[in-house]
Each structure stands twice: as structure tokens, then as C-alpha cells.
1. Can you list the aspartates and glutamates whose alpha carbon is less than 14 Å from that of LYS171, not counting same-chain residues fewer than 8 positions off?
2. What is segment 53-131's relative contact order, in percent, from Cα pairs under 8 angstrom and six or more apart in sequence?
3. Quick check: convex hull of the Cα atoms in the chain, volume per residue, rounded to a whole Å³?
4. Can you compute the helix-only [θ] at 222 nm over the chain? Use -39500 (n - 2.57) per DSSP H run of at least 4 residues, normalise by all residues, nearest 500 deg cm²/dmol.
5. For segment 254-300, what percent of Cα pairs sit more than 16 Å apart?
6. Sort segment 146-233 into rounded, prolate or oblate with this rule: let a ≥ b ≥ c be the square roots of the eigenvalues of the Cα gyration tensor; rounded if a/c is under 1.5, and if a/c is not under 1.5, prolate when a/b is larger than b/c, oblate otherwise.
7. What is the set of long-range amide H partners of PHE61 at a cut-off below 5 Å, with H atoms built 1.01 Å from backbone N?
8. If amide hydrogens are placed 1.01 Å from N in the peptide plane, which non-local residues have theirs closer than 5 Å to the one on ASP307?
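The values are calculated or read from the model by the stated rules, or taken from the named source; none is laboratory data. Everything numeric here is computed off the predicted structure, so don't read it as measured data. Here Cβ is always computed from backbone atoms with ideal geometry, including for glycine, and neighbour counts include all displayed protein chains. Quick note on the areas: whole protein, heavy atoms, side chains included, nothing else; ligands and nucleic acids left out. Shrake-Rupley method; radii C 1.70, N 1.55, O 1.52, S 1.80 Å.
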Amino acid sequence: MKNKNYLILLSLIVSLFGTACSSKKEEIKEDEQPKMETVNYLEESETAKAARMEWWQDARFGMFIHWGLYAVPAGEWNGTKSDNIGEWIMDHLHIPIAEYEKFAGEFNPVKFNAEQWVSIAKNAGMKYIVITSKHHDGFALWDSKVSEWDVMDASPYKKDILKALADACEKEGIKLCFYHSIMDWHHPDAQSIFEPNYNTGREDSVLSENFPRYLENYMKPQIKELLTNYGDIGVMWFDGEWVPEYTSEMGKDVYQYIREIKPDVIINNRVDKGRQGMNGMDKEGDFAGDFGTPEQEIPETGMPGLDWESCMTMNDTWGYKSFDDNWKSDETLIRNLVDIASKGGNFLLNVGPTAEGEIPTPSVERLQAMGEWMKVNGESIYGTTASPVEAPDWGRITKKGNTLYLHVFNWPANGKLDISNIGGTATKATLMADSSELSISDTSIDLPAAAPDKICSVIKVEI
């Protein structure tokens, strides 16, 4: 009996000692784990930001794509034609959610060809594409795991549009970027509670009390899906930040959240609340965002030290409207590109595809014209910086190191281009259209009698 008790006691001691050792091991093991420190990306160095922004600054020219369910009504509902932009039809014509949801059943873009779209952008000289992953109507163009209000679950198309574009962009060396709306007219924790005055005519003093829940449980998970399932994403391009439920604190939190997932992603200033209307630049204060977003306008002058991108339509709408034929000319679009580059900005030019999945022919024709010009003169746009001087009467100037690119809109009748105020002494001048060298005097360049390009001829000048 004594021996038996002894054995039991010994067994207990061994067991307790083993447990103590095991606990100690676990404690040591836990202590040995490296401590993870969260980087505050809102306080990053200028060097880190410059490295992230480099490809974007070199690109200068990108394609905006506004595409979603709003392409189905194409600007008209119940016999009423909207006089506003196409993608806002749900709000402007006060379409009830149940009625708007019917458009999903009609969204079957069998003519959509991702490789063709990317080819159109690349041939135009564009270096990146920004597509509406989700616009204000909340409809997602990918297979979202936190919603059935998407192209895979709610439409007969049943294909992930963003995956097709991601594959095509990777193949052609085009950066894929996502527009994403903060505002959501369809989600019950966001703006759907104001139905049918989702935005227009709503009381800003009345808030969606559950918006923080929408942000944490819906918007953030969708952002994570976009950043982790589609390869190398260049830009997260936000919009709809003006809704009163969304605060600057939320904006900074979203900025930090994104950068923790993908540190190199670029984020526009609409992630926060600093934007000053359509001029797109931030007011004074502490706001998150990597670049300003002028909309449908070009700043009068450059903005040294600031990154910005002018987004514009080719006609009067972003989303497709079948009856909007107010197209900008090739001349206007090419000169807008030059003007923007001469002021140190990027040009994000929009197309609004049809519900069938085709980029409208007038858009394609204009992009082809821009592409022809860029094949000859792209060097004067890519990787350039703002003009060192004010815009001359005859056109615009871009700069790259000791090289100036003189963009001549108004070809001088006397055959002499005034270069007395170009910010340096010219040592060599070359006409980019045919690589011919031009004669230089102290204050002018001798030109051929006729302009090689009636819209914009470019002279490369070493200074």
C-alpha cells in the first residue's frame, strides 16, 4: 500500500513538473516572437512617397472607365430622359431600389472583351486604367464575398469583370487601378435609408446612424478583396467622400488600412475630406491622400510640389447615355493632355461603355487620334515635369532634365518661333515629326513653312 501511494505521489510530482516546464516553454516561445510594429503611413518620409509615386508621375496619361448598371437605362427611365450625368440616374430620377435592381437582370455584356479594352487604352498611349469597381449605386463588378449585389450573383453575366481586366492589363503592361465609391445608395447601413432621395435633396442633418457598421463590415472587406485578389493594383481612387456620415477620421483610418494591406498602392485625396469641390485640391489642414483630383477642369497654373490628376469626360457624361453626342474634338483632347502635362499633372480621360460591353465608337475614334499623336510625340509627355516658365502665346512647354519640349499650337506665319523666354539658352532644336534639326538664333527657331501637325507640333530643344 505504501509503495502504491509512493508511486502515485511520484507520478503527480512528475506530472506537475512537466506541466510547469511546458508552460515555461510556451512562455519562452511567446517571448521569442518578433514584435509587429504598425507603420504610421500618414507620417511617412518624402523619399518613401516619391518611390511609390514614380510610375504614376512618369505615366501622365490614363483611362477612366465608368461602367455599371446605369449603362442599361442609358440615361432614360420610364420615358424621362435625365439631363444629368448617366451614372447618377438612380438618384436624379429618384428610382426606387426595387426598380433599380431590375437593371441587374438586364446587365449581360456579352460583347465585353477585356483584351480589346486594354488594347484601345494602350494604343492611345495610356499607361494605366481606373475602372469603377463599385459606383454610388453599390453594384460591384467583381464576385464580392460580402454581398450578392454584384455581377456574379445579381446579373445573368456571371463573370468577374475585374479579373478579366486584371489578366489583360498584366499581359500588356498596363497598371490596373480601382475607383471605389464611399457613398452607397443600395446598402441599408449607408444611404439607402434616404430612398429615393439618396443624395440629391436629402437632409445633411439626418445621418445614417449605422454608417460606421457599413464601413467596418462592408466597405473595408470589399476594399481588401480588391487589393488582394487582382494582382498588382496601382491606385485606389475614391469618390463620394462628401456624405456627412463619413468623417476625416474615417478617411485617415481607411488610408492606413489600405496601405497596411499594400504599402505601395497610391490613394487619391478623396479618401479624406479635404477636397475643395471640383478644383480637386485640398484645403488647408491635415488630410490623407497622395494626389489631388481636379474634375472636368485644368488648373490655370502648375502646382509645384503637389501631385494632381485632371479627370475629364469626352462628352458630357461619365456613365453611358445613348443620346449624349456632345463630343470633344481631337484637338481639344490632345491639347488638354499637353496643357496638363505642361503644368505637372496627369490626364485621366473617361470612356463610358454600353450595357453590351462596347466602348462607344466616337470614344474609340478620339483615342485612336490621340494614339497617333502619342506615337510621334509621346516622349514629350511621359516622365516630364512642368514647364519652367509661364505658357507662351504659341503653345505649351514640358521639361525633362536639360531638355525642353516646345508644343506649338499656333504655328508662326513668319516661320520664326520666339524662344526668348523659355528658361534657358537653346543649343540644339529638333522637329519631332521627322527628326530634322532646326536652325537656332539667340531668340528664335527657324521653322518649316507648314506645321507638320495642325493640332500640336513638338520641337525638342536642348538647353
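1. The qualifying aspartates and glutamates are GLU115, ASP232.
2. Rounded, it is 48 percent for segment 53-131.
3. Expressed per residue, the convex hull around the Cα atoms of the chain is 211 Å³.
4. -9000 deg cm²/dmol
5. For segment 254-300, the share of Cα pairs beyond 16 Å comes to 40 percent.
6. prolate
7. For PHE61, the qualifying residues are LYS127, PHE347.
8. GLY292
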